[in-house]
């Protein structure tokens, strides 16, 4: 059984900056020699989210518009009234999208579709340094 | 430790066609002899999603209406302007719902509620052949 | 390899009552002596959801408003016409948020952010007794 974790560090610009994590997650799978199991991609923090999308500028712009409509930045938020940090919309967007994604690994490969990438969506209002945990669990290569 | 995966193939009609995966996932749990662990249900592809719902026609119709309101099919999408395939709404819906679900298995049984079913939501605009990965991880039956 | 599960029981008030599960999940990690792996938090039932948020009254109120706008309780639902139980909005909200969350455990600790808590959102229309499954999987302490 393999149980390993890598921590990815990256700088984001905030405001629904969307980053493709697929190369880093693929490399972690290869490094771990995991053959059959799962990889969990998790972002610590309450203003970022992890999901999948076709990573092309059109779909990314469409997702940002949906988030702007679901939780507009320029309205009143109870969080902002209490804490004054102006990121109430970031918190509720992150809660709906969720901070975690689990992808099966079969025969040493992520089971993603051809046009499906793993993304970090940084929903906060300013640039941040983010950590992403890549946790691998399952059976490794036979010795 | 058990680490096994099954691939389910099914034909969907698209346009928020919703399929009940529970019988297939339950059968995979039984086949695997997994006693305590997790099952991850994952759909490769960027225009489908996996979640749970009470699988009855009313709730399914209500979910389709919510998706139509969240991302209407008949508006402008940047994805469509770039690629001309008309499924921009499919991509953003899939990103919000997410492609993955993890359910604990305790004493050989899925821990679903009585009225809770595991569903695949095919959000694309036309019929498709889909694969679903059912990944099982944990402790098997004692020998 | 450690594969253990705890069942948490709690009473909720319904109508988007939001409960902080972090202390219980942290205690389960400590009890299990899991060092490296994952914890899956899952709510059986089709009218509740699990995600993360900064657990403070402002953000919780903002999330409730988003849910009220996404699926208002006081409109027509096909589920209600068929079953008369008045919780059609509960079902679709739960399907969008999802019933499951997976968090990595590294060096014996949940990898949550400082201001990030694991929450149960009870979306049903009345008080309920809920069970939450806390499933732990990975490598335990060295003997």
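Per-residue answers, yes or no, for (1) more than 13 Å from chain C (Cβ to nearest Cβ); (2) modelled with pLDDT under 95; (3) in contact with a helix residue (DSSP H, G or I) (Cβ under 9 Å, 6 or more places away or on another chain); (4) at negative phi:
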| site | (1), (2), (3), (4) |
| --- | --- |
| A:91 | no, no, yes, yes |
| A:106 | yes, no, no, yes |
| A:119 | yes, no, yes, yes |
| A:127 | yes, no, no, yes |
| A:132 | no, no, yes, yes |
| A:143 | yes, yes, no, yes |
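Restricting to the range B:3-13, and then to whatever is out of contact with any helix residue (DSSP H, G or I) (no Cβ under 6 Å at 6 or more places or on another chain) and buried (at least 17 other Cβ atoms within 10 Å of the Cβ), can you tell me which residue is nearest to residue B:116 (Cα to Cα)? The extreme case among them is B:12.
Does residue B:79 satisfy the criteria of being touching a helix residue (DSSP H, G or I) at 6+ places or on another chain (Cβ under 6 Å), within 14 Å of chain A (Cβ to nearest Cβ) and without any contact (Cβ under 8 Å) to a residue 40 or more places away in the chain?
Working: touching a helix residue (DSSP H, G or I) at 6+ places or on another chain (Cβ under 6 Å): yes; within 14 Å of chain A (Cβ to nearest Cβ): yes; without any contact (Cβ under 8 Å) to a residue 40 or more places away in the chain: yes.
So residue B:79 fits the description; yes.
Counting residues in the range A:62-73 that are surrounded by 18 or more Cβ atoms within 10 Å (Cβ to Cβ), in contact with a strand residue (DSSP E or B) (Cβ under 7 Å, 6 or more places away or on another chain) and modelled with pLDDT of 95 or more gives one or more.
Among the residues here, residue B:107 qualifies as touching a strand residue (DSSP E or B) at 6+ places or on another chain (Cβ under 8 Å) and loosely packed, with under 14 Cβ neighbours inside 10 Å.
Check whether at least one residue in the range C:28-43 is closer than 29 Å to residue A:44 by Cβ and in contact with a helix residue (DSSP H, G or I) (Cβ under 7 Å, 6 or more places away or on another chain), and report yes or no. Reasoning before the result, please.
Initial filter on the range C:28-43 (closer than 29 Å to residue A:44 by Cβ): C:28-43.
Next, from what is left, pick out any that are in contact with a helix residue (DSSP H, G or I) (Cβ under 7 Å, 6 or more places away or on another chain): C:39, C:41.
Looking through the range C:28-43, at least one residue is closer than 29 Å to residue A:44 by Cβ and in contact with a helix residue (DSSP H, G or I) (Cβ under 7 Å, 6 or more places away or on another chain).
Can you find even one residue in the range A:27-39 that is at the interface with another protein chain (Cβ under 7 Å from one of its Cβ atoms), buried (at least 24 other Cβ atoms within 10 Å of the Cβ) and modelled with pLDDT of 95 or more? Yes, the conditions are met somewhere in the range A:27-39.
Of the strands (runs of 3 or more DSSP E) lying entirely inside the range A:1-117, the ones with 3 or more residues being within 11 Å of the chain's Cα centre (by Cα) are found at A:17-20, A:34-42, A:48-53, A:100-106.
Output yes when any residue across the range C:113-123 is surrounded by fewer than 24 Cβ atoms within 10 Å (Cβ to Cβ), touching a strand residue (DSSP E or B) at 6+ places or on another chain (Cβ under 9 Å) and free of Cβ contacts under 8 Å to residues at least 60 places away in the same chain, and no when none is. Scanning the range C:113-123 turns up at least one residue that is surrounded by fewer than 24 Cβ atoms within 10 Å (Cβ to Cβ), touching a strand residue (DSSP E or B) at 6+ places or on another chain (Cβ under 9 Å) and free of Cβ contacts under 8 Å to residues at least 60 places away in the same chain. For the criterion of being modelled with pLDDT of 95 or more, within 19 Å of residue B:92 (Cα to Cα) and within 14 Å of chain C (Cβ to nearest Cβ), residue A:96 passes. Of the residues in the range A:34-53, at least one is within 30 Å of residue C:59 (Cα to Cα) and without any contact (Cβ under 8 Å) to a residue 60 or more places away in the chain.
The values are calculated or read from the model by the stated rules, or taken from the named source; none is laboratory data. Keep in mind that what you see is a predicted model, and the values were worked out from it rather than measured. We place every Cβ from the backbone using ideal geometry, glycine too, and count neighbours over all the protein chains shown.
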